[in-house]
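First the structure, in the form of structure tokens, and then the observations on it.
The values are calculated or read from the model by the stated rules, or taken from the named source; none is laboratory data. Values in this document were obtained by computation on a predicted structure and should not be read as measured data. Using ideal geometry, Cβ is built from the backbone for each residue, glycine included, and neighbour counts are taken over all protein chains shown.
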Amino acid sequence: MIVKHVARWLLFWLMSIGLGTFAAETKTAVAATSGKICILPIQENIMPPMVYVVRRGVKEAMEAKADVLILDMKTDGGRVDVTEEIIEILGKFPGLTVTYVNKQAFSAGAFIAVATQRIYMAPQSVIGAAAPIMMSPGGAGVEKMPDTLEIKMTSAVRALVRTQAEKNGHNIEVIEAMIDKTKELRIEGELLNKEGNILTLTDRQAAKKYGLPPKPLLSSGTVETMEALLIELGYAGAQRIEIKPTGAEQLGTWITTISPLLLVIGIVGLYLEFKTPGFGLPGIVGITAFAIYFLGGYVAGLSGAGWAIVFVLGLILVALELFVFPGTLFVGITGTAMMLVAIVMGMVDSYPGTSTMPTFPQLQLPLRDISMAVLVSFALMLVLAQFLPRTRLFGELVSHTASGVVFVSRLEEQQKASLGETGVAVSPLRPGGKARFGDRLLHVVTQGEMVEQGQRLKIIGHSGSEAVVEELG
């Protein structure tokens, strides 16, 4: 009788353990099935447009709170500098990173694969041949690299990839044999790569296990398809986010390359617009340049439309300061600050879930661009202020801006009639500012003197569309 009771309790205990284990496994399976995975294609050469695809993909994955980021890779390689940037971007993703070598991952492709936590390969796929090479001028072929340069490049690349291999638990000796032709690779007495060769592995070789406990050489396994990979990872029923290249990435590369020039065109265009009556060609050119600048940041995956809106609001405030509320200063300073912040932040690479305050490395590129643009623009504006009013171009700008030749002749008549008029400075003149003459509010400039607000003035001449004034004693 006692034996029966003991047997029953033992059976009940075993069933409880079994049910508990089953429940835990079921819960884990449900959690994995209900997760999110993001598939990011690396199907082209590793060139600047690929950076924009990867950046956009990582940000979308982070925004969606994806559990896994999978690189669907088929590439012959590319530029080392671009590879470094892509590796840095991949490091921002907080979840599991996986490379699926879906044919080949040569050179820079192998570097990027090593920067992910796991590598899987399709049947008959290959990975390796990652020694740095030098392209001939125009990219027509490969040139022999000078010995000194080859040693330096190999050393730099080895350091970059070794860091990623250590971080993600990949076999460092295997990675170095893919880069350095002086590296012999022998594991457990088996010669895998002779000195003088560059290691390239098939899917079978990469998945072969060595050591105690046995560990794959590089690949976590060979899987037939992406669907089979998702099953292997435990995400068969997970929500899939697939990143598609838009074709605009090449445009983004071009725009970001000329972004300092766009800023110069934008600043000078708006300066000329404020200096000429009405609204016309300079304003259109300036606003278009800024619009293209923000478009480049958007395509590059750096900024959304929000900063472009902030810029427009700042521009409106500056216009209000100049034409509606002269002398208030606060409105103009606020608008200028909004425009500057928008220009800088429009090129800052920020990621979902990270700090809203950019770090200094994030600010370096946009600050460099805007500093160059401001210096060049200031020099151009000084030249234009000195010589433009005396040229035929100024007459053309004014006529295109505000009703043609009739307006120009009318403006000249008004300027002659206003000589000797007296008025009051409604803002400090440093040496330019605003003054009221009767019911007219004019933009005026002194001959270099600083005049305080409220002082009486007299018009003694004109420079372009500006009245030249002097302080009445």
(message) Looking only at the range 454-473, how many residues end up being under 45 Å from the mean Cα position of the chain (by Cα) and modelled with pLDDT of 85 or more?
(response) 1
(message) Show the residue pairs meeting these rules: Cβ distance below 6 Å; 6+ apart or different chains; first residue within the range 335-349 and buried (at least 20 other Cβ atoms within 10 Å of the Cβ); second residue outside any helix (DSSP H, G or I).
(response) Gly346/Ser303; Met347/Leu302; Asp349/Leu302
(request) Identify all residues within the range 221-236 that are acidic (Asp, Glu) and touching a residue at least 12 places away in the same chain (Cβ under 8 Å); write none if there are none. (result) Glu224, Glu232
(request) Examine the range 141-163 for a residue that is part of a loop (DSSP other than H, G, I, E, B) and either modelled with pLDDT of 90 or more or buried (at least 18 other Cβ atoms within 10 Å of the Cβ) (or both), and state whether such a residue exists. (result) no
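For (1) loosely packed, with under 12 Cβ neighbours inside 10 Å; (2) at pLDDT below 75; (3) closer than 14 Å to Ser463 by Cβ, each residue gets a yes or a no:
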{"residue": "Val398", "(1), (2), (3)": "no, yes, yes"}
{"residue": "Gly420", "(1), (2), (3)": "yes, no, no"}
{"residue": "Ala425", "(1), (2), (3)": "no, no, no"}
{"residue": "Pro428", "(1), (2), (3)": "no, no, no"}
{"residue": "Phe437", "(1), (2), (3)": "no, no, no"}
{"residue": "Leu442", "(1), (2), (3)": "no, no, yes"}
(request) Collect the residues in the range 87-114 that are touching a strand residue (DSSP E or B) at 6+ places or on another chain (Cβ under 7 Å), outside any strand (DSSP E or B) and either closer than 25 Å to Ala64 by Cβ or free of Cβ contacts under 8 Å to residues at least 12 places away in the same chain (or both), keeping them in residue-number order. (result) Leu90, Phe93, Gly95, Ile112, Ala113
(request) Considering only residues that are among the hydroxyl-bearing types (Ser, Thr, Tyr) and closer than 27 Å to Pro49 by Cα, look in the range 222-255 and name the one that is modelled with the highest pLDDT. (result) Thr225
(message) Restricting to the range 168-223, give me the number of residues that are closer than 16 Å to Tyr100 by Cα, in contact with a helix residue (DSSP H, G or I) (Cβ under 7 Å, 6 or more places away or on another chain) and aliphatic (A, V, I, L, M).
(response) 3
(message) Restricting to the range 65-85, name every residue that is closer than 11 Å to Ile42 by Cβ, crowded, with 21+ Cβ neighbours inside 10 Å and either at pLDDT 95 or above or basic (Lys, Arg) (or both).
(response) Ile70, Leu71, Met73
